[in-house]
1. Hey, could you check segment 66-98 for residues that are acidic (Asp, Glu) and open to solvent by 10 Å² or more (accessible area, probe 1.4 Å) and say which is farthest from Arg125 (Cα to Cα)?
2. Could you grab me the full set of residues in segment 1-30 that are aliphatic (A, V, I, L, M) and within 18 Å of Ser84 (Cβ to Cβ)?
3. Residues of segment 122-168 being loosely packed, with under 10 Cβ neighbours inside 10 Å, modelled with pLDDT of 90 or more and of a type in the set (Val, Ile, Thr), which ones?
4. Name the pairs whose Cβ atoms lie under 8 Å apart, with the first residue in segment 69-82 and among the charged types (D, E, K, R), the second buried (at least 17 other Cβ atoms within 10 Å of the Cβ) and modelled with pLDDT of 95 or more, and 6 or more positions between them or separate chains?
5. Filtering segment 46-65 down to residues that are surrounded by 13 or more Cβ atoms within 10 Å (Cβ to Cβ) and in a strand (DSSP E or B), which residue is farthest from the chain's Cα centre (by Cα)?
6. I need the full set of residues from segment 84-132 which are under 28 Å from Lys158 (Cβ atoms), in a loop (DSSP other than H, G, I, E, B) and hydrophobic (A, V, I, L, M, F, W, C), in order please.
7. Being of a type outside the set (Asp, Glu) and outside any strand (DSSP E or B) is the filter here; which residues of segment 66-83 pass it?
Amino acid sequence: MKELDKIIESKVKIRFPDCDPFNHLNNSKYIDYIINAREDQLLESYDFDVHKIVREQGLGWVVAQNQIAYLYPATLMETVVIQSQLISFTDKSLVVEAIMWDENKTNVKAVLWTKLVHYDLKINRSTIHSEALIAFFKQVENPLPKAFSFEERLENLKLSLRITPSKN
């Protein structure tokens, strides 16, 4: 069986209707871009169609919590890279981390953690993941090296991206 990528990514261009008067991506649109990218990435990388699951099984995921940090503005007509990964899961929930980068992946634009709860539309309440879903999540989960809070993760990213001055 082929090993699945744990970090999946795609590129997207920042569009005019999504920008503020300063030609920066509007704060609320970061989440839209990331959610859309994640859906596309799941389908392209894993053939995992969340909309098909909702249609055929009446099961899906609802957002229970978002934590987002805006670190560097995404600007009009800029191409950005959005990476996403499943960093943890339980029998009823998922935590996905998404990072929006500049096109060269040198500057982080934003970091988003989203907690999603598995939901059964037939009974209108949360439900446990099936054994098949748990098996899939185990294949793609990419836990962080240590148990970070969101703020600690941001500091860790900032430190790991810091370039030390050359000693010439």
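1. Step one: of segment 66-98, the residues acidic (Asp, Glu) are 78, 91, 97.
Applying the additional criterion that residues be open to solvent by 10 Å² or more (accessible area, probe 1.4 Å) yields 78, 91.
Working: Glu78: 40, Asp91: 14 Å.
For segment 66-98, the residue satisfying everything is Glu78.
2. Within segment 1-30, the first condition is being aliphatic (A, V, I, L, M), and the residues that meet it are 1, 4, 7-8, 12, 14, 25.
Of everything in segment 1-30, those that are aliphatic (A, V, I, L, M) and within 18 Å of Ser84 (Cβ to Cβ) turn out to be Leu4, Ile7, Ile8, Val12, Ile14, Leu25.
3. Ile123, the sole residue that qualifies.
4. Filtered contacts from segment 69-82: Glu78/Ile14.
5. Among them, the one singled out is Leu59.
6. Going through segment 84-132, the residues under 28 Å from Lys158 (Cβ atoms) turn out to be 84-89, 93-116.
Within this subset, residues satisfying the condition of being in a loop (DSSP other than H, G, I, E, B) are 103-107.
Correct list: empty.
7. Here is the first cut: in segment 66-83, the residues of a type outside the set (Asp, Glu) are 66-77, 79-83.
Matches in segment 66-83: Leu71, Tyr72, Pro73, Ala74, Leu76, Met77.
The values are calculated or read from the model by the stated rules, or taken from the named source; none is laboratory data. Just so it is clear, the model here is predicted, and its values are computed rather than measured. All Cβ positions, even for glycine, are placed from backbone atoms using ideal geometry, and neighbour counts span all protein chains on display. We work out accessible area using only protein heavy atoms, side chains counted, and drop any ligands, DNA or RNA first. Shrake-Rupley method; radii C 1.70, N 1.55, O 1.52, S 1.80 Å.
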